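The values are calculated or read from the model by the stated rules, or taken from the named source; none is laboratory data. Please read all numbers here as calculations on a predicted model, not as lab measurements. For neighbour counting, all protein chains shown are included, and Cβ atoms are generated from backbone atoms with ideal geometry for every residue, glycine included. Heads up: the accessible areas ignore ligands, DNA and RNA and are worked out on the full protein's heavy atoms, side chains in. Shrake-Rupley method; radii C 1.70, N 1.55, O 1.52, S 1.80 Å.
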Amino acid sequence: ATGDGAFHGAFREGLKVSADSPALQAWKSHDQRWGAWTYALTDRPGVDRELQMALKAASVRHAIETGLEPAGKRAARAGYNWWIPVSWGAGTVPRILDLAVALALTGDPEYLACQHTTCDFMLGCNPAGMCWMTGTGSRFPEMLFHPDSWYSCPGGRVVAGLIPPGPYRFVGPPEPDSGPWDVKFVHSKFHPDAGEWPPMELYSEARTCYPMNEPMAYTQAEAAASYGLLCGDLE
């Protein structure tokens, strides 16, 4: 933003991504995706070209490992990290920004195709047959945790365009102090037993259960960016 060399030096000093250690994101270690993507895509004079090439390669590798390869293993071709458990938007939010960066860096249409199939999954091509955006498509969640809508919308329905966290994997029986806010409590009401259900179908429109039904700012932003990418000029 400023071109100040002090910031450039601090960036390089704090960077954990390199040609020898190319992971942009490592569980319980670091998440440097945004910094790496910004540096890989910048055209600012004075950039460290060797470092930029390393971050470009790491960004493409990340898109392959978390986007293309998982999509190739899934029947519905949804591209998101294979190891992310089904919870907190894993089945409802299209996380395709890594694919968009790889497309910008390489021009390879394979990354664009995976963006489309991932969004297809979130918009209805999924085991629940649900479009995970309120007011959109022929079947969408209506009972979200959104008190503003309960107060201001007719009949307590929620406004259009919200993305809920959605399905939540089975995590066991409820605790003694559990209640309708707890996914374990909601799962205990499923028949047959929730432990027998496919994870992507473990969803209930129990609007007070926020792990399933509370829209969150960061997932709303991620979904808006992901869908917006496919609404513009991609040439």
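For the chain, set up a GNM with springs between Cα atoms under 10 Å and report which of Pro147, Pro211, Pro167 has the largest fluctuation. Comparing Pro147, Pro211, Pro167 in a Gaussian network model of the chain, the most mobile one is Pro147. Straight-distance candidates among the aspartates and glutamates for linking to Lys189, with alpha-carbon spacing under 18 Å and chain neighbours fewer than 8 residues away dropped: Glu175, Asp177, Glu201, Glu205. Cα-Cα pairs above 15 Å in the range 9-68: how many percent? Summing the P(r) tail past 15 Å for the range 9-68 gives 45 percent. Farthest towards the positive end of the charge dipole of the chain, among the residues Pro174, Val17, Gly129, is the Cα of Pro174, using unit charges on the Cβ of Lys, Arg, Asp and Glu.
Work out which chymotrypsin sites (Phe, Trp or Tyr not before Pro) in the chain are exposed loop sites (DSSP not H, G, I, E or B, at most 13 other Cβ within 10 Å) and give the longest gap free of them. Longest gap between qualifying sites, sites excluded: 84-235.
Counting only alpha carbon atoms, the long axis of helix 217-229 and the longest principal axis of the chain meet at about 60°. Annotation: per residue accessible area for the chain equals 54 Å², rounded to a whole number [probe 1.4 Å, protein chains only]. Couplings 3J(HN,Hα) for the range 163-170, derived from phi with the Karplus relation 6.51 cos²θ - 1.76 cosθ + 1.60 (θ = phi - 60°), are 10, x, x, x, x, 9, 4, 5 Hz, where x marks Gly and Pro.
Normalised by residue number, the volume inside the convex hull of the Cα atoms of the range 1-153 is 164 Å³ per residue. Distance between the modelled labels on Asp48 and Phe190, one decimal in nanometres: 4.8 nm (7 Å Cα→Cβ projection).
Using a cut-off of 22 Å between alpha-carbon atoms, which lysines can reach Lys28, once sequence neighbours fewer than 8 places away in the same chain are excluded? The reachable lysines, counting only those whose Cα sits under 22 Å from Lys28, are Lys16. By how many degrees, 0 to 90 and rounded to 10, does the Cα axis of helix 109-122 deviate from the longest principal axis of the chain? The two axes meet at around 20 degrees.
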